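Here's the structure, in structure tokens; my notes come after.
The values are calculated or read from the model by the stated rules, or taken from the named source; none is laboratory data. Please read all numbers here as calculations on a predicted model, not as lab measurements. FYI the Cβ positions are ideal-geometry reconstructions off the backbone, even for glycines, and counts take in every protein chain you see.
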Amino acid sequence: MFEKLKSGFKGLVTKVTTTELKADNLTPILFDFKMSLAENDVAFPVADKICDELEKRLTGSSIKRFDDRKELVEDNLKQVLLDILKTENQIDLLEKISEKRKKAEPFVLMFVGINGTGKTTTIAKVAQFLKEKKYSVVLAGADTYRAGSIEQLEEHAHRLSIRVIKHTYGADPAAVAFDTINHAKAHGINVVLIDTAGRMQTNQNLMNELVKVKRVIKPDLVIFTVDSLIGNDAVMQAEEFNKAIGIDATILTKVDADVKGGSSLSVTYVTQKPILFIGVGQTYKDLETFDPEKFVKMILR
């Protein structure tokens, strides 16, 4: 996972550690590093930010011993990356769900993203995660556009022994979501997970449909699912969805197959919304809560 990104960071630490920490020496090293970041799907504004912050922090530092200098570089790099990955609004999902349960109200998550990101499978993984935490879950089959989408959701639900509320294809997605929330209220179900039609961020009519669903049901969180393998396209998608609908958090899928890793850094910085989970495999249990500290430690080791 993220082998190329790790290699780039390791190379930077080695180069900076073996040079005098002056602006003239650091500038060419950091320029090369910026290109390495861009090649690993880190968006240019994020690569600029990382390199500018490092240059500010390291220029003029006077440390003689090699080991101390290496530690200085690594510590500063770690802090710069954490500043990028930590947003102002961190979300404790289980705490938020618990608060709603105390009020005897269902917690509503609306999932958005384009087709092919693994959105429906991710919903099933989140359902499994919540079931393991002893929360009851119901799914809304509000993707009434894509042929087979409701059957796909039903198959996941069958395996997880949870219910799907659905209408016919072509039905109003907002009505499906609304009915599912009412079902949850009537049956004391803790969490509603709403599957919506995947659509390109450039399709204005379909984006407007999502805006309508959000307006009607007023979800507690809008979760954007994005495929980490698509690189900088992930950043463009995140920006467009955030601009059009307003997202609260992101789930990165297929992270286990991502050798570059740049989209993990970029999506958070560009949207200023936290990553909730990362998908790390094919089974329902292959969903990890995203921890910025753990992530940074992993890519710097």
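Could you tell me whether THR120 is at negative phi, surrounded by 15 or more Cβ atoms within 10 Å (Cβ to Cβ), of a type in the set (Ser, Thr, Tyr) and touching an Asp or Glu at 6+ places or on another chain (Cβ under 9 Å)? Here the answer is yes, as THR120 does meet what is asked. Please list, ordered by first then second residue, the pairs with beta carbon atoms under 7 Å, 6 or more apart or interchain, first in segment 143-163 and assigned to a loop (DSSP other than H, G, I, E, B), second of a type in the set (Phe, Trp, Tyr) and surrounded by 12 or more Cβ atoms within 10 Å (Cβ to Cβ). Note: pairs meeting the criteria are THR144/TYR169. In segment 142-152, of all residues being in contact with a strand residue (DSSP E or B) (Cβ under 6 Å, 6 or more places away or on another chain) and closer than 15 Å to VAL112 by Cβ, the one that is surrounded by the most Cβ atoms within 10 Å (Cβ to Cβ) corresponds to ALA142.
You will find that of LEU26, LEU54, the residue that is in contact (Cβ under 8 Å) with a residue 12 or more places away in the chain, buried (at least 19 other Cβ atoms within 10 Å of the Cβ) and over 27 Å from the mean Cα position of the chain (by Cα) is LEU26 and no other.
For beta carbons closer than 7 Å, sequence separation of 6+ or different chains, a first residue in segment 263-292 that is within 15 Å of GLN90 (Cβ to Cβ) and part of a strand (DSSP E or B) and a second that is at pLDDT 90 or above and of a type in the set (S, T, N, Q), the qualifying pairs are ILE275/THR250; LEU276/THR250; PHE277/THR289.
Just wondering, is there one or more residues in segment 8-22 that are more than 23 Å from ALA234 (Cα to Cα), under 31 Å from the mean Cα position of the chain (by Cα) and at pLDDT 85 or above? Among the residues of segment 8-22, not one is more than 23 Å from ALA234 (Cα to Cα), under 31 Å from the mean Cα position of the chain (by Cα) and at pLDDT 85 or above, which makes the answer no. Within segment 80-100, the set of residues being at pLDDT below 95 and either assigned to a helix (DSSP H, G or I) or hydroxyl-bearing (Ser, Thr, Tyr) (or both) comprises VAL80, LEU81, LEU82, ASP83, ILE84, LEU85, THR87. Selection of segment 164-194 for residues being out of contact with any strand residue (DSSP E or B) (no Cβ under 6 Å at 6 or more places or on another chain) and not in a loop (DSSP other than H, G, I, E, B) yields ALA174, ALA175, PHE178, ASN182, LYS185, ALA186, HIS187. Scanning segment 277-298 for residues that are of a type in the set (Ser, Thr, Tyr) and surrounded by 12 or more Cβ atoms within 10 Å (Cβ to Cβ) gives TYR284, THR289.
Kindly establish whether ARG69 is assigned to a helix (DSSP H, G or I) and either modelled with pLDDT under 85 or touching a Phe, Trp or Tyr at 6+ places or on another chain (Cβ under 9 Å) (or both). Spelling it out, ARG69 is indeed assigned to a helix (DSSP H, G or I) and either modelled with pLDDT under 85 or touching a Phe, Trp or Tyr at 6+ places or on another chain (Cβ under 9 Å) (or both).
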